[in-house]
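For reference, the structure discussed in these notes is given below.
Just so it is clear, none of the values below were taken in a lab; they were calculated from the coordinates. Please read these numbers as outputs of a predicted model, since none were measured by experiment. Note that each Cβ is placed from the backbone with ideal geometry, even for glycine, and that neighbours are counted across all protein chains shown.
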Amino acid sequence: MDKKCNIIIIGFGSIGKRHYQNLRTLGYHNVSVYDIDTKTVGAGIRALTSIGGNALKQFDIAFVCNPSNLHVRTALRCAKAGCHLFIEKPLSDTVAGIAELETVCRDKKLVRMVACNYLFHKGLAVMRRALESGRYGKPVLSRVIAGYSIPVHRPYIYETLKETGGAERLIMDSGSHLVNYLEFLLGHIKKYSVCTGDVSMLGIRGEEAAALVFVHENGVLSTAVIDYVSRKRAHFIDIVTDKGTLTIDFMDDSVVFADERRIKVLYHGEKNTNQMFIDELKHFLQCVAHGKKPLQDIVGGKAVVKLLSTARGKI
């Protein structure tokens, strides 16, 4: 990919800032930023005051990192201007408008990727290879715990959820990661349900904790408990097999297999969370350079939104 290409990042919250720094680390310096809140853009960063009119036509690539309820309309504007698209997850909070976006991108032959950073985690690749080898048994069930304190770790989103309800609801936000990596490890999800609790600790307009249940096409049962309230941050997947349990702990950056007799370490990384985001960017930029389909495109992103919004609608 030509590193002199012009790139725009729309939405300069924590993920927009991460992509900006990573692009510069990779040697892409023609990067501009737009955020409706101009205070988020620091000195020395090339900033746009508007993306209206013909402003977007100067760019080759657009990163859509604003709130998820604005993703589709923003991406559609960028696609009509001829920009290849990297859209943060989830693709949207509803399927409305996604079909039109896909049509415009297809007609203009644009590469369009929906973020799926955990699919670039080295430990997850080790976990998948371990399952595919059959050496550690046949999967029977999986269980996921993913919780953190949103006031501590994402205060801006927390304030938005308190004031307006926002778009970053727990089930759609954390759930989009779950669907990505559980299908990556265990295959397509064919059945699903969601349950939420009635206790409120945060005073936000949306779920604070939820339990999700999935059944994969191979019959494996997956359960996940996710929350915005845990003071002790946790994120791990257990996959129980007929020989033992495979565990990936994202906080410890490790993969282990355990049975009643032993614990075997299959992977222990350097706890460099940013590496998966860099590898995700490299993948996207290579897809743009060679006109290839990315690991998750708009069709895949829409399937995740449809699954989670349908499940959420059943609450």
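For segment 7-115, the equivalent ellipsoid derived from the alpha-carbon gyration tensor has semi-axes of 21, 15, 13 Å in decreasing order. Sparsely packed loop sites in segment 201-260 (the trypsin sites (Lys or Arg not before Pro) outside DSSP H, G, I, E and B with at most 16 other Cβ atoms within 10 Å) comprise Arg205, Lys243. How far apart, in nm, are two points set 7 Å out from the Cα along the Cα-to-Cβ line at Glu132 and at Asp252? The modelled label-to-label distance comes out at 2.5 nm.
A viscosity of 1.567 mPa s and a temperature of 4 °C, combined with the Kirkwood radius over Cα pairs in Stokes-Einstein, give a translational diffusion coefficient for segment 53-96 of 124 µm²/s. A cut-off of 5 Å between modelled amide H atoms, ignoring neighbours fewer than 5 places along the same chain, links Asn6 with Asp60, Ile61. Taking amide hydrogens as placed 1.01 Å from N in the peptide plane, the amide H of Thr241 sits under 5 Å from those of Val140, Leu246, each at least 5 positions away in sequence or on another chain. Once you reduce segment 241-260 and segment 35-93 to the center of their Cα atoms, the two points are 40 Å from each other. Within segment 260-307, the GluC sites (Glu not before Pro) that combine a DSSP coil assignment with at most 13 other C-beta atoms in a 10 angstrom radius are Glu260, Glu270. Loop-located trypsin sites (Lys or Arg not before Pro) in segment 81-141 (DSSP state not H, G, I, E or B) with no more than 14 neighbouring Cβ atoms inside 10 Å: Lys108, Lys109, Arg135. Extending 7 Å from Cα along the Cβ direction at Asp279 and again at Val199 yields two label points whose distance is 3.7 nm.
Checking a compactness column here: for segment 120-270, what do you get for Rg(Cα) / (2.2 N^0.38 Å), N being the number of residues? Normalised Cα radius of gyration, segment 120-270: 1.11. Once you sort the root eigenvalues of the Cα gyration tensor of segment 186-315 as a ≥ b ≥ c, which label holds: rounded (a/c under 1.5), prolate (a/b larger than b/c) or oblate (the other case)? Rounded is the answer for segment 186-315, as its axis ratio a/c remains below 1.5.
Taking 4.7 Å between C-beta atoms as the pairing limit, the chain has these partnerless cysteines: Cys5, Cys65, Cys105, Cys116, Cys195, Cys287. Helical content of the chain, expressed as a calculated mean residue ellipticity at 222 nm, amounts to -10500 deg cm²/dmol (DSSP H runs of 4 or more residues, -39,500 (n - 2.57) each, divided by residue number, nearest 500).
The orientation-averaged shadow of the Cα convex hull for the chain, equal to a quarter of the hull surface, comes to 16.7 nm².
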